[in-house]
Structures are given as structure tokens and as C-alpha cells.
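The values are calculated or read from the model by the stated rules, or taken from the named source; none is laboratory data. This structure is a prediction, so every number in the text was calculated from the model and none was measured. Reconstructed Cβ throughout: ideal geometry from the backbone, glycine too, with neighbour counts over all protein chains shown. We work out accessible area using only protein heavy atoms, side chains counted, and drop any ligands, DNA or RNA first. Shrake-Rupley method; radii C 1.70, N 1.55, O 1.52, S 1.80 Å.
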Amino acid sequence: MSEKSKKQEVDPILQLLTEKANTEEYSAGITLNVKGSVVTGTVISAAEYLEEMSGQFSEEDDGENAIREQLEEAADSLKEEESPATNYVHLKNAKLFSESGKSLPSKGAVLWRGKLTEIDGFFLGKVTAE
């Protein structure tokens, strides 16, 4: 198998949605199929993802504060780029659904990041647990 045939393609529509989120403050509910799993949430920009992630680290702990600061710097750097590279999709309020239909986690807001090349399919809108 050649290197070229091993490379996975990215769905151009999903690529477009992710690029819009990264450059135009666009967000939308989406559900992704990823290697047999279902992930649902709201598409956000990479910068927003990094900002939200940084908020999960304490300013009081030196190690965590260093991580928080690096994430904030990375978010600021992305905001300054005219067209940042789009290799990942970022979701907030994400949920992963098991084969039985139960959502994980069942409560709370979760950030999720996945490689665009690993996504098998998607549809607009979120899945909710019944």
C-alpha cells in the first residue's frame, strides 16, 4: 500500500464547518461517528477550546498554573492567525454514547477534541439521552 493510499481523507463539509468555527466565531450542534462511537456536542473554535481547557487548571498550583498559562498563550496565538491550520474538531458540552445508548458522562460539561481524519461520518444536530 502506498503512503498516499494510507492517508485518510477529511470530509470537505466537516472541514468547512471546522474552518468557519476557527475563523468566524461559528458554532453548531453536531454529532460525529468516530470508529464506532458516537460523540455529540457543539463545534467551537480551537481558540475557544484552549481557553475553556485552561479554565480547568488552578492558578494556585504552580504546575497547573504553568499549563493554564501555556494554553491561554496558545489560544491568543490562534486568534491572531488569519487562517489557522484545521486538523482537529473541537466540541463543548460533549457526550459520548455507548452502544447501549447511555451517554458518558451523564452530567456536566465536557470538552472533546478529535482528529478530522478519524471521523467516519456526521450530522448536524445533537443527540440527547432519553
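A few remarks follow.
- Test: residue in segment 54-65 that is polar (S, T, N, Q), more than 25 Å from Asp11 (Cβ to Cβ), outside any helix (DSSP H, G or I) and over 17 Å from the mean Cα position of the chain (by Cα): yes
- Residue list for segment 78-99, filter: assigned to a helix (DSSP H, G or I) and either open to solvent by less than 30 Å² (accessible area, probe 1.4 Å) or closer than 24 Å to Thr117 by Cα (or both): Leu78, Lys79
- Number of the condition not met by Lys102 [criteria: (1) open to solvent by 60 Å² or more (accessible area, probe 1.4 Å); (2) closer than 26 Å to Val10 by Cβ]: (2)
- The listed residues are Val38, Val43, and the only one of them that is out of contact with any Pro (no Cβ under 9 Å at 6 or more places or on another chain), open to solvent by less than 30 Å² (accessible area, probe 1.4 Å), part of a strand (DSSP E or B) and touching a residue at least 24 places away in the same chain (Cβ under 8 Å) turns out to be Val43.
- Selection over segment 105-123 of residues that are part of a strand (DSSP E or B) and either out of contact with any strand residue (DSSP E or B) (no Cβ under 6 Å at 6 or more places or on another chain) or surrounded by 12 or more Cβ atoms within 10 Å (Cβ to Cβ) (or both) gives a count of 6.
- Against the list (1) more than 25 Å from Glu9 (Cβ to Cβ); (2) exposed (fewer than 15 other Cβ atoms within 10 Å of the Cβ); (3) at pLDDT below 90, the condition Glu24 fails is (1).
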